Structure formats: structure tokens, C-alpha cells
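Worksheet: the structure to be examined is printed underneath.
The values are calculated or read from the model by the stated rules, or taken from the named source; none is laboratory data. These numbers come from a predicted model, not from an experiment. Every residue, glycine as well, gets a Cβ built from its backbone with ideal geometry; the counts of neighbours run over all protein chains shown. Quick note on the areas: whole protein, heavy atoms, side chains included, nothing else; ligands and nucleic acids left out. Shrake-Rupley method; radii C 1.70, N 1.55, O 1.52, S 1.80 Å.
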Amino acid sequence: MRIINTILALSALLAFTACEVPEADKKVYPELTNIDNTMWYSYDQKSNIFYDIWYDGQGRGRMLGYDTSERENEIVNRPFSYKFTPATEQFDALVFVDFDDGLYYGGILIPKGNFQISQKDVYIIQLYQTDDKYEVVYDENGKMKSTIQMWKE
């Protein structure tokens, strides 16, 4: 029995090391030091809305929503102001979005290479609805009231 356990442990170890990607083969992507003049994508499954989010520069942007992935019929147009703080050794990059309609969101930029969408490595911005002091807002069930996730290649 001890031999079988040893063989199984060795097999598991070989399988694990065979799946590990060598350091030399890992892709390295540039760090985003700003988001000015970039366009991001998002999709709201509940409302079936496809979004293009533009960070135009000088702290202004626009979130455009469409009823299909072909983006022909615009149904949402939400201008916003934003602040971006680049990542440091201790902290992730931060993004704060203040929509002109009075809603606030804050969150982080996740570097490219950590997530894939359609089998492509992407940068992710994960935002959470906040109050005007950027404290996360929760609903009556203790869940985050609203989130926005966007990505770009």
C-alpha cells in the first residue's frame, strides 16, 4: 500500500509541475500609468446593454450603452469625471468615477495578464458604487449595491 501511495504522490507531483508555466514563457505586459485617451468595454447582463467607456483625458469621460453588440442604437449616454492614481509597490492603481447624474464609483485597475476575456489577456477596471466619500454602498441585504467591470486589450 505504501508503494501505491508513493506512486500516486509522485504522479500528482509530475502532473502539477507539468502544468506550471516556466518564468521565461510568461508574457509581460506594460503597466498602465494613466488611462487618458483609452476606450474600455463592459456588458450589463441584467439589462443586456453593451458599453463603450471613453476616458477622454483632462479628467472627463463618457459611458455609451447600446442595445446590441454591433453598437448601432445608442440607449445610454452618461458623461463623467474621473481620477486615476497609478500603482505603487504597495498599492494597486485606483480609479474614481463621478457620473454627472450624481452616482459615484471607485475601484482598482487589475494589470493585464491576470484575466482573459474571449481568450485574450486584458486589463480590468473593477468599480464599486460608493458615496461621495468613496465608501462602498451596500443594499438592504448587505450586498454591494452596484458594480461596473470594464476591460481593454
field: Cα-Cα over 31 Å, subset of Lys120/Lys145; Lys46/Lys152; Lys46/Lys133; Lys83/Lys145; Lys26/Lys133; Lys26/Lys143
entry: Lys26/Lys133; Lys26/Lys143
message: Give the separation of the Cα centroids, the range 29-44 to the range 62-133, in Å.
response: 8 Å
task: Note down the relative contact order for the range 41-136 as a percent, whole number, built from C-alpha pairs under 8 angstrom at least six residues apart.
output: 15 percent
Global form of the range 39-153, assessed from the alpha-carbon gyration tensor, a/c cut-off 1.5: rounded
task: Count charges around Val136 for me, please; just the other residues with Cβ under 13 Å from its Cβ, Lys/Arg as +1, Asp/Glu as -1.
output: -1
- request: Assuming a ≥ b ≥ c are the square roots of the Cα gyration tensor eigenvalues, decide whether the range 102-153 counts as rounded (a/c under 1.5), prolate (otherwise, with a/b larger than b/c) or oblate.
  value: prolate
- request: Determine the order of Phe84, Phe99 by accessible area, beginning with the largest, at a probe radius of 1.4 Å.
  value: Phe84, Phe99
field: Student exercise, the range 75-124 dipole from Lys, Arg, Asp, Glu Cβ charges, in Debye to nearest 20
entry: 160 debye
